[in-house]
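Below is one structure, written out as structure tokens, with a few remarks after it.
The values are calculated or read from the model by the stated rules, or taken from the named source; none is laboratory data. Just so we're clear, the structure is a prediction, and the values are computed from it rather than from any experiment. Cβ atoms come from the backbone with ideal geometry, glycine included; neighbour counts cover every protein chain shown. Ligands, DNA and RNA are excluded from the accessible area calculation, which covers all protein heavy atoms including side chains. Shrake-Rupley method; radii C 1.70, N 1.55, O 1.52, S 1.80 Å.
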Amino acid sequence: KENSLVWKAVFELLSRQWFGRLWIIQEVILSRNLYLACGKRRGHWDVFSSACLALDECGVGAWLDNKFHGNVFSRLLDLDAEKHEYQRDHTGDSWLFSRLVNTRRANSWKPKDKVYGLLGIVDAPWVKISYDDADYPKERLYHDIAAHLLEHNKVPLSSLLPAVDHEPEDGEGKAYRLPSWVADWSQHRVTKELGYKSSTANVFNASKHVRFKKMKLGVDYGLVDGEKRELRVPGRVFDTIACLSDVLKDPDLVHPADNKNWTGCIEFVADNLPTSPGDTSAFEAFCSVITAGKDGTGLHPLPPSSYEIISMLLDESSGKSPTLPGQTYSKRQQLPKGKGKLELASLSSREPRMTLQEIRTAMRRALKNRRLGLTKEGRLGLLGLFPRYAKVGDNVGVLAGAYTPFVLRETIEGKWQLIGEAYVHGVMHGERAEGLDDGDIVLV
């Protein structure tokens, strides 16, 4: 039953801090016959993780997330994935970077331990070990790792740059400022990457077929100053942010009309995009942006079946019909009420409920802790999804080899700070890729 105390007990067990400790990763990965003990009870890790996986795949994980506001299965399943990944392959410098990405949410007492805590399972003798050296802060450690991986061509920029999920440092009061293109691993990520995985190419690729050649210092892309703080990347700036919504902290569709983030998204688009821009419609742009163009798995484009559910939710939430310009209506939506018409009550049936769940998953992944925004291009601009630290006046550019556009902030020297990934409807399939080889952007 939904109100059974068993679910609360499952949530509280998996919410324990033990699952979030960085040093536990080594214990889980290196143990050949692993048991979990809690009080007087114990069970084999494989049985425990298989049960959690089964519950998560059948939708219980998402349900618990909505009920208690936390996906407790994710941390354990991340640990289990790390264990299996280690058994398959744990060699090469790129393995260190992928572990840093996958253990971003793990907790450690000292910021340097986000790296040092992985060295028991990663062969990286080139990493400098220095715990208490004030002249070697965490920022220098993170920077050295990124520079090494780039110089040795171990990690593509399509993976390195999406890892940035923090506001650029101004350097005030700090002995060492982290370059904006380097991830601060000591900070927990609060968004989901839009273009980190290569599977993103199945859905979109903003730089299209432009690819980096084998890196040589100073050629194509590379570190261009002696301190390796500046990164030259072939690319071009194509637009400027004109307006932004508030940060979307709770984007969900449990009670659409009562969710301020959802209704705020509708009002933002309705107010700032009153007619359909260019060759698309405001409705199509809205559906694309709120899900970052992906289905619930994140591996495939948003399916056509999602559009009728979103269309129905728009009208139910706004009380209007249509809510947005260019809004489409399926045959089910146009049937008489009580005669098979698609409405909120229809979401209790299997097919619409599953489609809604897919949309909710995609929305949370895309919107959480980001902003909706509109650019200045053309008469009406382009609707997009931008980092929470983006500001009106920031620029949007495409970088060769990257799957998404990026928000860039120009410095006094005419160079650029990387603010983070963006999703801009109308440029996600290489529409602005032409001319990428004609100029460089220097990230600092």
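From Leu385, Leu408, grab the single residue that is buried (at least 19 other Cβ atoms within 10 Å of the Cβ), touching a helix residue (DSSP H, G or I) at 6+ places or on another chain (Cβ under 6 Å), modelled with pLDDT of 90 or more and not small (Gly, Ala, Ser). Steps first, answer last, please.
Numbers: Leu408 fails: touching a helix residue (DSSP H, G or I) at 6+ places or on another chain (Cβ under 6 Å).
Residue meeting the stated conditions: Leu385.
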Item to complete: Could you please find all residues in region 315-350 being without any contact (Cβ under 8 Å) to a residue 40 or more places away in the chain and either within 29 Å of Asp56 (Cβ to Cβ) or crowded, with 17+ Cβ neighbours inside 10 Å (or both)?
Response: Asp315, Gln333, Leu342, Leu344, Ala345, Ser346, Leu347, Ser348, Ser349, Arg350
Response to the item:
With the first residue restricted to region 388-412 and required to be among the polar types (S, T, N, Q), and the second required to be open to solvent by 40 Å² or more (accessible area, probe 1.4 Å), Cβ contacts under 6 Å at 6 or more apart or on different chains are Asn395/Val237
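Out of Glu151, Glu169, I need the residue that is farther than 24 Å from Asn107 by Cβ and modelled with pLDDT under 90. Which one? Explain how you work it out, then say what you get.
Values: Glu169 fails: farther than 24 Å from Asn107 by Cβ.
On inspection, the qualifying residue turns out to be Glu151.
Please determine, by comparing only the residues of region 194-207 that are in a loop (DSSP other than H, G, I, E, B) and out of contact with any strand residue (DSSP E or B) (no Cβ under 7 Å at 6 or more places or on another chain), which one is modelled with the lowest pLDDT. Give the derivation first.
Taking region 194-207 as the starting set, the residues that turn out to be in a loop (DSSP other than H, G, I, E, B) are 194-197, 203-207.
With out of contact with any strand residue (DSSP E or B) (no Cβ under 7 Å at 6 or more places or on another chain) added as a condition, the list becomes 196-197, 204-205.
Values: Tyr196: 82, Lys197: 74, Phe204: 91, Asn205: 90.
Within region 194-207, the match that is modelled with the lowest pLDDT is Lys197.
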Worksheet entry | Those residues of region 282-306 which are without any contact (Cβ under 8 Å) to a residue 24 or more places away in the chain and in contact with a helix residue (DSSP H, G or I) (Cβ under 6 Å, 6 or more places away or on another chain), in sequence order | Cys287
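Tally time: how many residues in region 81-135 are assigned to a loop (DSSP other than H, G, I, E, B), basic (Lys, Arg) and without any contact (Cβ under 8 Å) to a residue 60 or more places away in the chain?
Going through region 81-135, the residues assigned to a loop (DSSP other than H, G, I, E, B) turn out to be 89-92, 103-106, 108-112, 117-135.
Filter once more, so that each one left must be basic (Lys, Arg): 104-105, 110, 112, 128.
Of the ones still in play, those that are also without any contact (Cβ under 8 Å) to a residue 60 or more places away in the chain are 110, 112, 128.
So the count comes out to 3.
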Discussion item. Among the numbered criteria (1) more than 30 Å from Arg350 (Cα to Cα); (2) at pLDDT 80 or above; (3) open to solvent by 60 Å² or more (accessible area, probe 1.4 Å); (4) of a type in the set (Ser, Thr, Tyr), which one does Thr91 miss?
Written reply: (2)
Fill in: Some residue of region 43-55 being free of Cβ contacts under 8 Å to residues at least 40 places away in the same chain, surrounded by fewer than 12 Cβ atoms within 10 Å (Cβ to Cβ) and under 29 Å from Trp109 (Cα atoms)
no
Worksheet item: Do we have any residue at all in region 132-153 that's surrounded by fewer than 19 Cβ atoms within 10 Å (Cβ to Cβ), out of contact with any strand residue (DSSP E or B) (no Cβ under 6 Å at 6 or more places or on another chain) and hydroxyl-bearing (Ser, Thr, Tyr)?
Response: yes
Discussion item. If Leu34 satisfies all but one of (1) of a type in the set (A, V, I, L, M, F, W, C); (2) over 26 Å from Gln87 (Cα atoms); (3) open to solvent by less than 30 Å² (accessible area, probe 1.4 Å), what's the number of the condition it fails?
Written reply: (2)
Worksheet item: Which one of Val427, Val444 is at pLDDT below 95 and farther than 16 Å from Leu382 by Cα?
Response: Val444
Practice prompt. Might you check whether a residue that is open to solvent by less than 60 Å² (accessible area, probe 1.4 Å) and without any contact (Cβ under 8 Å) to a residue 60 or more places away in the chain occurs anywhere in region 357-378?
Written response: no
Practice prompt. Run Gly393 past the list (1) at negative phi; (2) open to solvent by 30 Å² or more (accessible area, probe 1.4 Å); (3) out of contact with any Leu (no Cβ under 8 Å at 6 or more places or on another chain); (4) not β-branched (Val, Ile, Thr) and report the number of the one that doesn't hold.
Written response: (1)
